[in-house]
1. Give region 288-330 a look and list any residue that's surrounded by fewer than 17 Cβ atoms within 10 Å (Cβ to Cβ) and either assigned to a helix (DSSP H, G or I) or within 16 Å of the ligand (Cβ to nearest atom) (or both), or say none.
2. I'm checking my understanding of the structure. Among residues of region 480-517 that are more than 16 Å from the ligand (Cβ to nearest atom), hydroxyl-bearing (Ser, Thr, Tyr) and not in a strand (DSSP E or B), which one is surrounded by the fewest Cβ atoms within 10 Å (Cβ to Cβ)?
3. Out of GLU232, GLU244, GLU258, GLU249, which single residue is more than 16 Å from the ligand (Cβ to nearest atom), more than 23 Å from LYS318 (Cβ to Cβ) and in contact with a Lys or Arg (Cβ under 9 Å, 6 or more places away or on another chain)?
4. Could you please let me know if TYR469 is within 27 Å of the chain's Cα centre (by Cα), of a type in the set (Phe, Trp, Tyr) and either crowded, with 24+ Cβ neighbours inside 10 Å or at pLDDT below 95 (or both)?
5. Which condition breaks for PHE216 when tested against (1) over 20 Å from the mean Cα position of the chain (by Cα); (2) at pLDDT below 90?
6. Looking only at residues in region 22-37 that are within 29 Å of ILE80 (Cβ to Cβ) and either at pLDDT 95 or above or of a type in the set (S, T, N, Q) (or both), which one is nearest to the chain's Cα centre (by Cα)?
7. Give me the pairs, please: first residue somewhere in region 287-314 and closer than 16 Å to ALA366 by Cβ, second residue anywhere and among the hydroxyl-bearing types (Ser, Thr, Tyr) and within 10 Å of the ligand (Cβ to nearest atom), beta-carbon distance under 6 Å, and either six or more positions apart or on two chains.
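The values are calculated or read from the model by the stated rules, or taken from the named source; none is laboratory data. This is a predicted model, so every value here is computed, not measured. Here the Cβ is made from the backbone with ideal geometry for all residues, glycine too, and neighbour counts use every protein chain on show.
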Amino acid sequence: MCGIVGYVGPKDCSEVLVDALRKLEYRGYDSAGIAVFEDGKIKVAKEKGRLDDLQAKMNAEGVPAGNAGIGHTRWATHGIPSAVNSHPHKGGEKVTLVHNGIIENYKELKEYLISQGRVFVSETDTEVVAQLLDFNYEGDPIKAIAKTLSQVEGSFALGILFADRVGELFAVRRESPLIVGVSEGESFIASDVPAIIKYTNQYYLLEHDEIAHLDFSGVSFCDLEGNAIVKELKVADWNQEAAEKGGYEHFMLKEIHEQPTAVKTTITPRISDGLPCLEECSITVDSLRDINQIYIVACGTAMHAGMVGKYVIEKMAKVPVIVDIASEFRYRDPLIKEGDLVIIISQSGETADSLAAMRLAKSMGAKTLAIVNAKGSSIAREADMLIYTHAGPEIAVASTKAYMVQIAVMYLLGFKMALSKGQITEDECRRLTGVLASVPVYLEKTIADVDDVCNDIATQLLEAENLLYIGRGLDYALSMEGSLKLKEISYIHSEAYAAGELKHGTISLITDGMPVIAVATQNSLLDKTVSNIKEVKARGAMVIVVCDEEAQIGADVADYIIRVPKIEESLMPMLAAVPLQLLAYYTSYKRGNDVDKPRNLAKSVTVE
Ligand code: AGP
């Protein structure tokens with residue numbers, strides 16, 4: 001995610017801005033920049049790469065000298081990582097700004113502004129809002145901001161300088177967070193508390209469509225009509241490390257809670273007129289229509305996301321999908337033919353086995369599509385086609401939000417492919433895409449609904465030595481991910497098993513009190529799954545069922561039931577993943593493990 005900072009006060013502004021941006025590095029970024037009032041003019045310094053690269057450039061060209069300005073670290077969404085695409089962006093001669101978020105209607109706005117004679121230099125949506133604000137500015141910053149916000153759709157937090165308002169800073173937000181920090185004789189804006197906690201722990205939370213005005217006399221707030229707003233001053237009692245976790249105990253828990261935003265940020269720009277729109281990734285209806293065999297190749301959690309993709313694509317688009325573990329794929333002489341599509345899923349984009357698998361597929365004539373979270377990573381750079389997920393940096397070794405956005409992209413791709421193959425009508429595709437677009441709201445509810453019960457049930461798992469996760473169809477794919485989550489952070493052995501396969505041997509493992517987590521969200525298979533659950537319960541298992549809020553599951557079947565909201569059956573994995581993540585999290589936490597950095601594991605496995 002991008003990071004925004006701003007400062008007005010007696011200190012060296014450039015020094016404060018760069019220092020504050022360093023405290024936001026954990027959010028991940030690929031370029032950085034600042035803009036400072038120097039001798040009555042706005043001086044901008046920005047560079048691709050790390051903050052050290054920006055500092056080196058400023059040292060060589062002159063560090064902007066002043067006491068008021070804005071700064072930014074960019075996590076590329078629109079436009080590749082580059083100096084010209086980095087923030088701050090100028091809009092004409094009057095406005096300079098930094099932005100965090102996604103402007104959903106930037107294309108239409110850009111076309112309009114170009115028709116009005118505006119010239120653009122970058123590929124970003126941010127420059128569009130800078131140019132629009134400049135276009136609207138007639139000397140009253142509040143009026144110009146209000147008019148601009150009435151025209152812009154999407155999520156944003158903006159830090160703004162107006163050339164004729166020297167020493168003043170304006171800020172406004174909608175969806176993307178922004179705080180206003182205050183201390184004796186100085187004030188700040190920041191995307192998050194960590195950026196400013198070194199200078200002050202007192203801050204205001206900017207609410208949607210509220211405008212903050214910072215100058216050397218202090219800070220004031222107003223609404224879009226210019227009416228003054230009195231706000232409550234808050235005090236952060238976090239230390240630096242806690243602040244980076246946003247007040248959560250661990251990055252993993254923070255990232256579980258970030259999933260609604262991550263899904264929204266990933267899919268919203270890929271839906272146009274209610275239908276999946278992947279043209280930006282050079283994926284057109286035509287390019288999908290001719291595909292008759294798909295391979296999905298990945299490792300670990302990413303491979304489990306591919307398993308969900310297999311069920312969705314085969315069921316909806318009727319295209320055969322083979323899912324492979326990358327380390328197996330690259331050595332089993334896969335029978336790839338010209339024109340096959342090989343999808344590589346990877347959060348880091350640097351996993352050695354996945355990168356090697358992609359190179360092998362390309363050498364055999366396959367078209368490769370990468371689904372990657374880390375911008376500019378090796379897999380992202382080498383794939384023929386690329387869909388970036390926008391989960392923001394995932395710090396915890398155990399992947400949660402990256403998995404969630406990977407399966408979200410699987411659904412988008414599956415719906416688009418089904419439409420391109422004529423397997424579903426445009427109306428059906430629009431309906432399904434609408435359900436997908438509603439998932440962030442249901443995810444918020446799910447997290448709130450199941451957090452306590454997962455915390456309680458985790459207590460029942462602490463002493464377990466072996467655990468089974470069972471399910472059918474999509475629930476089986478989900479069981480794989482639930483099992484890996486538990487294993488990798490709680491160190492309890494578990495195994496995901498197709499519920500219908502238990503009776504062919506594995507059921508002999510069931511002992512009295514052995515926990516079995518049954519994922520039962522597929523109502524079309526519910527009766528069969530319940531029969532399998534009864535088989536293990538009859539042999540003494542302690543059964544925990546994850547199902548929707550309407551499923552008819554009684555106490556004779558389950559010792560514990562975790563219910564999630566009911567949505568389209570094929571999309572239930574997006575909600576049922578949450579209790580599986582939280583069960584693993586709380587079990588690990590209660591066992592006293594290092595949840596974010598479990599033993600023996602690395603966040604990105606860049607070796608074979
Ligand atoms: C997931 O919780 C694990 N940390 C691990 O399985 C991970 O998903 C796997 O190493 C693949 O990583 P990638 O997505 O960065 O390629």
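1. ARG289, GLU314, LYS315, GLU328
2. SER508
3. Numbers: GLU232 fails: in contact with a Lys or Arg (Cβ under 9 Å, 6 or more places away or on another chain); GLU258 fails: more than 16 Å from the ligand (Cβ to nearest atom); GLU249 fails: in contact with a Lys or Arg (Cβ under 9 Å, 6 or more places away or on another chain).
The unique qualifying residue is GLU244.
4. Numbers: within 27 Å of the chain's Cα centre (by Cα): yes; of a type in the set (Phe, Trp, Tyr): yes; either crowded, with 24+ Cβ neighbours inside 10 Å or at pLDDT below 95 (or both): yes.
Taking the combined requirement at face value, the residue satisfies it.
5. Of (1) over 20 Å from the mean Cα position of the chain (by Cα); (2) at pLDDT below 90, only one is false for PHE216: (2).
6. Quick first cut of region 22-37, residues within 29 Å of ILE80 (Cβ to Cβ) only: 22-36.
Then drop every residue that is not either at pLDDT 95 or above or of a type in the set (S, T, N, Q) (or both), which leaves 31-36.
Values: SER31: 19, ALA32: 20, GLY33: 23, ILE34: 25, ALA35: 28, VAL36: 31 Å.
Among those residues, the one meeting the criterion is SER31.
7. ALA298/SER354
For (1) of a type outside the set (S, T, N, Q); (2) under 26 Å from the mean Cα position of the chain (by Cα), each residue gets a yes or a no:
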position	(1), (2)
ASN523	no, no
VAL530	yes, no
GLY554	yes, no
TYR589	yes, yes
